[in-house]
């Protein structure tokens, strides 16, 4: 078989599993990661075997390299080296950024990826709402736990709101508005306050950038949520900053323990490990239970990777956000700019939510973040850059 025919099969396989990857993210981490792995291997084969694909430098290599180096350094000083080696798999997920950025090489495919992503998150949220109606409970947890569900629906809701603010086609604006409503309702039903806050900040950013007049909707919608919500949801909202609420008081204990661990291991941390065992050494004597992570990206990174890892992590997320803003300011078609605004808003929402959750360590959530980042990056770094001259459908 000729190399050209092999390359054709590799290209078709890459695109097929890229579609499956985009569709599976909210529903199955197994299918998502298998699709990511197969698509990435086919793409690498096109780079190194058929030599029909190529890589270009982006502005993010140093940021990713700094984080990866910090992970590897912490491995040397880890309190549980075998477990830290297993957790290095989170580095592999960064491949999603490059897979998407360098293989979404046409505006047609770009729009399909957006459509699949929005449809998948909306179907996920619709399923969540219907499951709650069928069996009302305090929190939606129809596929994953409620915190992961909160993160997924937050991402879906922010994406749809941001798309709504920038798209020019009324048909697609209305569809995005409907999808935003479905995702937002499911987000509320997850009863996950950190995701609520991330959603609010992400929407504020999208409104501020696209049309500042829309900012008036935020307090109106917040008031509507408060007065129309069932008592259980209203109670959760009221207790956001109440240290006496059980969930808040537990977090304060976890965060104090993380800080104490950091003070004892300030340079490279304890390694990228589960924290159940070491937490018991720092927990108050009368505290019941343990915790596998510290429910905050920033404190968890401080404790596990130390000041070196924390600095690298902050450098990485700031660099990514700056790059998204740079692409957002470039010359783009309306639907392209709408997506980049979605990506920037999602990334901001994710990092706000990260003050209260270890969502960077949640494979479902971080994979979605890498996907939306890569899709925005595709507008500037693909081997055949997506032309801004292509007319939108």
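The residues 356, 208, when put in order of fewest to most other Cβ atoms within 10 Å, stand as 208, 356.
Among 15, 166, 56, sorting on how many other beta-carbon atoms sit within 10 Å of each Cβ, with the fewest leading, yields 56, 15, 166. Rg over Rh for region 246-344 works out to 1.19, both radii taken from alpha-carbon positions and Rh defined as the Kirkwood radius. Over the residues of the chain, the helix contribution to mean residue ellipticity at 222 nm works out to -24000 deg cm²/dmol, using -39500 (n - 2.57) for each DSSP H run of at least 4. A protection proxy built from the mean count of other Cβ atoms within 10 Å ranks the segments 325-334, 258-267, most packed first, as 258-267, 325-334. Could you identify which residue out of 345, 195, 290 has the top mean-square fluctuation in a GNM of the chain using Cα springs shorter than 10 Å? Maximum among the listed residues: 290.
Calculate, for residue 280 and residue 115, the FRET efficiency according to 1/(1 + (r/R0)^6) with r their C-beta to C-beta distance and R0 45 Å; round to the nearest 0.05. The value I calculate is 0.40. Between the beta carbons of residue 134 and residue 108, assuming R0 = 51 Å, the FRET efficiency works out to 0.85 to the nearest 0.05.
Please identify, among 245, 154, 25, the residue showing maximal mean-square fluctuation in a Gaussian network model of the chain using a 10 angstrom Cα cutoff. Maximum among the listed residues: 245. For the chain, the relative contact order comes to 26 percent (Cα pairs under 8 Å, sequence separation of at least 6). Identify which of the listed values of Cα Rg over 2.2 N^0.38 Å was calculated from the structure shown: (i) 1.00; (ii) 1.16; (iii) 1.39. Read-out from the structure maps to (i). Annotation: the residues 5, 288, sorted from fewest to most other C-beta atoms within 10 Å of their own C-beta, follow the order 288, 5.
Between residue 260 and residue 173, residue separation times 0.36 nm minus the direct Cα-Cα distance comes to 26.4 nm. For region 1-54, the fraction of C-alpha pairs farther apart than 18 angstrom is 34 percent. Maximal additional length on extending the residue 65-residue 127 stretch stands at 18.5 nm, based on 0.36 nm per residue less the C-alpha distance. If the chain linking residue 329 and residue 88 were pulled fully straight, counting 0.36 nm for each residue of separation and taking away their Cα-Cα distance, it would gain 83.3 nm.
Each distinct pair of alpha carbons in region 39-181 adds a 1/r term; the inverse of their mean, the Kirkwood radius, is 18.7 Å.
A short reminder: the numbers here are calculations on the coordinates, not readings from a lab. This one's a predicted model, so the numbers in the text were calculated from it and none came from an experiment. Glycine gets a Cβ as well: all are built from the backbone with ideal geometry, and neighbour counts include every protein chain shown.
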